[in-house]
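Q: Take a look at this one; I'll ask things after.
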Amino acid sequence: KVSPGIIGIYSKKSVTTNSLNQLYLPSDLLVNGFVLTSDGWLVTHFDGLTLSDPVVIYDGEVFDITKEIKDATTGVSFIKIAATNLPVVVLGDSDEATLGQLEIVLNDLNQVVVSSIKSLDHHTISSADSFVLSSEEYNESILLSDAFTDNYLGSPLINLGGEIVGIISDINESGMAT
């Protein structure tokens, strides 16, 4: 259900006469995302979109990003490309997730991890201020049990029903994803 809707965001390549320099390699992947609407609206989680002159690669075709809307509360970016008739993913309800439930994470490189939910209410504690949660900030995240690499940033978190219930927004130093 979800696989056709996965996209990759890469740093734009300079135009040269050497066609090998135009190939996008797995090491060029900045972040993943997924198709939200058939008219080219996509979802990802990435802070560096404005810094890297990114392009979207979908189904082997390169698209420039024409618009970006960033949600400052969640860090999610909604981006627009000039494409139509894209396959749309189905969104699920993350509130229905349970501790230990299996989830699937799929990236643009066709790499898949089946992981279980380790914590449904995970909070990163980075300082004393982290112990005080504000009602002005979105503080809910799911912690997965398996180790991930940065190739999974922005990837959708998919329940076993094939619905997207989250997005990989952070991978800590031990590889744990939230």
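The values are calculated or read from the model by the stated rules, or taken from the named source; none is laboratory data. Because the structure is a prediction, the values reported are computed rather than measured. Neighbour counts run over all protein chains shown; Cβ positions are idealised from the backbone, glycine included. Areas reflect the complete protein model, heavy atoms only, side chains present, ligands, DNA and RNA absent. Shrake-Rupley method; radii C 1.70, N 1.55, O 1.52, S 1.80 Å.
Q: Contact list please: Cβ distance under 8 Å, first residue in the stretch 165-177 and farther than 14 Å from residue 155 by Cβ, second residue hydroxyl-bearing (Ser, Thr, Tyr) and buried (at least 18 other Cβ atoms within 10 Å of the Cβ), pairs at least six apart or on different chains.
A: Pairs that qualify, where the first residue is farther than 14 Å from residue 155 by Cβ and the partner is hydroxyl-bearing (Ser, Thr, Tyr) and buried (at least 18 other Cβ atoms within 10 Å of the Cβ), are 172/178.
Q: Here's a check for you: in the stretch 46-61, which residue that is open to solvent by 50 Å² or more (accessible area, probe 1.4 Å) and at pLDDT below 85 is farthest from residue 88 (Cα to Cα)?
A: 51
Q: While we're looking at this one, here's another question. Pairs, please: C-beta under 8 Å, at least 6 apart or cross-chain, first residue at positive phi and in the stretch 141-162, second open to solvent by less than 10 Å² (accessible area, probe 1.4 Å) and of a type in the set (Gly, Ala, Ser)?
A: From the stretch 141-162, the pairs are 154/33.
Q: Quick one: residue 117 ticks every box in (1) modelled with pLDDT of 90 or more; (2) of a type in the set (A, V, I, L, M); (3) outside any loop (DSSP other than H, G, I, E, B) bar one, so which box is it?
A: Single failed check for residue 117: (1).
Q: Please go through the stretch 91-113 and pick out each residue that is part of a loop (DSSP other than H, G, I, E, B) and more than 28 Å from residue 28 (Cα to Cα).
A: 92, 93, 97, 98, 99, 100, 101
Q: What number of residues in the stretch 62-90 are open to solvent by 40 Å² or more (accessible area, probe 1.4 Å) and either in contact with a Ser or Thr (Cβ under 8 Å, 6 or more places away or on another chain) or in a loop (DSSP other than H, G, I, E, B) (or both)?
A: Going through the stretch 62-90 one residue at a time, the tally reaches 14.
Q: Just checking, does the stretch 162-175 include any residue being modelled with pLDDT of 90 or more and assigned to a loop (DSSP other than H, G, I, E, B)?
A: The answer is yes; a qualifying residue exists.
Q: Condition first: at pLDDT below 85, buried (at least 16 other Cβ atoms within 10 Å of the Cβ) and β-branched (Val, Ile, Thr). Can you find one or more residues in the stretch 129-144 that meet it?
A: Yes.
Q: Return a yes/no flag: does the stretch 97-113 have any residue that is touching a Gly at 6+ places or on another chain (Cβ under 9 Å), modelled with pLDDT under 85 and more than 19 Å from residue 33 (Cα to Cα).
A: Yes - at least one qualifying residue is present in the stretch 97-113.
Q: Take the residues of the stretch 91-104 that are closer than 20 Å to residue 152 by Cβ and not small (Gly, Ala, Ser): which is least open to solvent (accessible area, probe 1.4 Å)?
A: 103
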